[in-house]
1. Of all residues in the stretch 90-140, count the ones that are basic (Lys, Arg) and either within 25 Å of residue 163 (Cβ to Cβ) or outside the structural domain of residue 75 (by TED's automatic domain parsing) (or both).
2. Taking the options 38, 55, name whichever one is touching a residue at least 12 places away in the same chain (Cβ under 8 Å), part of a loop (DSSP other than H, G, I, E, B) and aromatic (Phe, Trp, Tyr).
3. Residue check: is residue 19 assigned to a loop (DSSP other than H, G, I, E, B), surrounded by 11 or more Cβ atoms within 10 Å (Cβ to Cβ) and of a type in the set (Ser, Thr, Tyr)?
4. Going by what's in this entry, would residue 285 be described as of a type outside the set (Gly, Ala, Ser), surrounded by fewer than 10 Cβ atoms within 10 Å (Cβ to Cβ) and at pLDDT below 80?
5. Being part of a loop (DSSP other than H, G, I, E, B), within 24 Å of residue 315 (Cα to Cα), at pLDDT below 90 and in the same structural domain as residue 335 (by TED's automatic domain parsing), is that true of even one residue in the stretch 380-388?
6. Return the residue satisfying two criteria in turn: it lies in the stretch 363-379 and is part of a helix (DSSP H, G or I) and hydrophobic (A, V, I, L, M, F, W, C), and of such residues it is surrounded by the fewest Cβ atoms within 10 Å (Cβ to Cβ).
7. Checking residue 67 against (1) surrounded by 15 or more Cβ atoms within 10 Å (Cβ to Cβ); (2) farther than 24 Å from residue 172 by Cβ; (3) within 42 Å of the chain's Cα centre (by Cα), only one condition comes out false. Which one?
8. Look through the stretch 70-81, keep the residues that are buried (at least 17 other Cβ atoms within 10 Å of the Cβ) and among the aliphatic types (A, V, I, L, M), and return whichever of them is nearest to residue 15 (Cα to Cα).
Amino acid sequence: MAITAYPFDSQAVTETQFSYLFRELSSGVAASSDSSAFRVSAAGTSMAVTVQPGFALVRGHAVLSTAVETVTIPAADTATRTDAVVLRLDPTANTITLAVLKGAPGSPSPSLTQTDSGIYELRLAWVTVPGNATSITASNVAEGRQFTRGYVGSWWNSTRPTSPRLGDLGFNRSTSAWEFWNGSSWANLAPSVSWPSVTDKPSVFPPAAHTHSWSQISDAPSTIAPSAHKHAWGDITGTPSTYPPSSHSHSWSSITSKPSTFPPSSHSHSQYLTSGSTISWANGTKRAHAYHVGGSGTYYAVWVDGSGDFGRNTSSIRYKTNVRDSEVTSGDVLALRPRVYDRKDYEKPDGTPVTGRKNEFGLIAEEVFETLPEIVCFNEEGEIETVRYDLLGVALLPVVQDQEARIKALEERLSALEGQVSAT
């Protein structure tokens, strides 16, 4: 029978038949030309290259790589040569493998073996091997992949389809232009048009709005009366050598022989800081000055928060809600450990060094937090900052009250014992 059709259900199809069917799809990497599929690059400081994973068709056979492969380049010769990295189809061994075709020094890159029924090689890259080289660099590897064709393809000049058909269309990445096979050569799909090739164009054109340089103007006057203009001071002659100063001002830094300090004149202030105002920390720290108080009227303890806002420390029930008994026990207070310590040295914002106070007496806030967290304060970052020493006296009240109760109980027992002794 002269006509054979396949594949159909319940029909045996040979490798040769399938290969003949799929080779019509053309050999090449089955991906976009800007993808990394089967892209070859330098492996690093060695005579090797790496090949990225990908899927390709090689003369009707499929090959799938799922991991980066490393291929060794043969040792360098004394002169430069060009090798080729290929996918090699061997139908007899039923394999498609990565291989290196070693070139000859001073000769073009090695030719590919592309038989119809035997070995078929598909180039992936050219590798220039400099004389006596010990490693392959990125500049030594040149793109050489060919891609499968559909209705539209993509290639470089060096990887155009080897057997194009009339009407094959593709984007040439070397020229950044669309081209097609016209039966004998690759033609630009949208060629640029030169002026000589334009037909039916007019022979002359009326001039559009334009300008001319002065040298192009004929019959121009030799002299021109000056219009309003200015001159630089250095161009003016006969100027006076000095001028009486007009009304002006001077910057403070330009004044000489000024006193270094000035005693304040008599003055007064119209208002004072009130609750809710913000303290301007003139001394560069958040520490109030150690001024005492005097005069008549009510005295308040003042609280200052981390933002510089301050207010009165009030105790009236008018300012309080949710009032309840304290759960502080005398054991919590008696567990506190008085300490003696030295303050760390520091610098003021202006760079002035300050030596910390030595042998200072007080509590460690972290230790207080373990038994009496009610009197520990935190900073804006949530870190333990200080102890509310003003509340320490309140915390001591349960201790005093407990001791008072114990003293009274002991006095009553002592009085009872004395009465028993007197009765006997």
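1. First, the residues of the stretch 90-140 that are basic (Lys, Arg): 102, 123.
In the following step, the residues that additionally are either within 25 Å of residue 163 (Cβ to Cβ) or outside the structural domain of residue 75 (by TED's automatic domain parsing) (or both) were identified as 123.
Number of matching residues: 1.
2. 38
3. On the way: assigned to a loop (DSSP other than H, G, I, E, B): no; surrounded by 11 or more Cβ atoms within 10 Å (Cβ to Cβ): yes; of a type in the set (Ser, Thr, Tyr): yes.
So residue 19 does not fit the description; no.
4. no
5. The answer is yes; a qualifying residue exists.
6. Only one residue tops the list, namely 369.
7. Here residue 67 meets the rest and fails (1).
8. In this case the residue turns out to be 71.
The values are calculated or read from the model by the stated rules, or taken from the named source; none is laboratory data. On a predicted model such as this, the values are computed, not experimentally measured, just so you know. Because the Cβ atoms are built from the backbone with ideal geometry, glycine has one as well, and the counts that use them run over all protein chains shown.
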